[in-house]
Amino acid sequence: MQQTHASAAPELTLYYDGKCPLCVAEVEFLQSRNAQGQLAFVDVTQTGFEAAGHNISCEAAMAQIHGRTADGQVLVGVPVFATAYKLAKLPVLAWVLSRRWLMPVLQPAYVLFAKHRQAISQRIGPGVLRLSKRFLK
């Protein structure tokens, strides 16, 4: 999946691992709900990512999902998903993922998932990606 832009600056740019089937499935799902172009997506595995001036290293973006808001704020981990789901009109998920009192559980769980996402994705990612493509048609 390539970088996408709406005519106006997006509210959130997500930096994702384009070689991870689970990550790609998530991006495709969010893109399907991005009718107003509030989300943009940048594959950090694309040649030239580091040189493109994102000011986020590929290494950091591969360790945890990163996002940049329209005003330049960098989000890392669970807050990226909370913001993305809000913009994708998924208010229940956005609400749950934005609860500060849940962060002591959500953030470490996400970090653990992110650390092992390649192995997890090898097992279930292709099936999830096929399923998402089937339902997003």
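The values are calculated or read from the model by the stated rules, or taken from the named source; none is laboratory data. It should be emphasised that the depicted structure is a prediction, and the values quoted were computed from it without experimental measurement. We place every Cβ from the backbone using ideal geometry, glycine too, and count neighbours over all the protein chains shown.
Summary of values
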{"read-out": "Residue within the range 117-137 that is touching a Ser or Thr at 6+ places or on another chain (Cβ under 9 Å), assigned to a loop (DSSP other than H, G, I, E, B) and closer than 24 Å to Ala8 by Cα present", "value": "no"}
{"read-out": "Qualifying positions in the range 9-25 - crowded, with 19+ Cβ neighbours inside 10 Å and farther than 14 Å from Gln118 by Cα", "value": "Pro10, Glu11, Leu12, Thr13, Leu14, Tyr15"}
{"read-out": "All positions within the range 88-97 that are of a type outside the set (Gly, Ala, Ser) and crowded, with 20+ Cβ neighbours inside 10 Å", "value": "Leu97"}
{"read-out": "Of all residues in the range 39-83 being of a type in the set (Ser, Thr, Tyr) and outside any helix (DSSP H, G or I), the one that is surrounded by the most Cβ atoms within 10 Å (Cβ to Cβ)", "value": "Thr69"}
{"read-out": "Selected residue [more than 14 Å from the chain's Cα centre (by Cα) and over 24 Å from Arg123 (Cβ atoms)] from Arg68, Arg100", "value": "Arg100"}
{"read-out": "First in the range 36-60 and over 22 Å from Gln118 (Cα atoms), second anywhere and at pLDDT 90 or above and not in a loop (DSSP other than H, G, I, E, B), Cβ under 6 Å, 6 or more apart", "value": "Gln38/Leu87; Leu39/Leu12; Leu39/Leu30; Leu39/Leu87; Ala40/Thr13"}
{"read-out": "Count of the range 84-107 residues which are part of a loop (DSSP other than H, G, I, E, B) and either touching a Ser or Thr at 6+ places or on another chain (Cβ under 7 Å) or hydroxyl-bearing (Ser, Thr, Tyr) (or both)", "value": "1"}
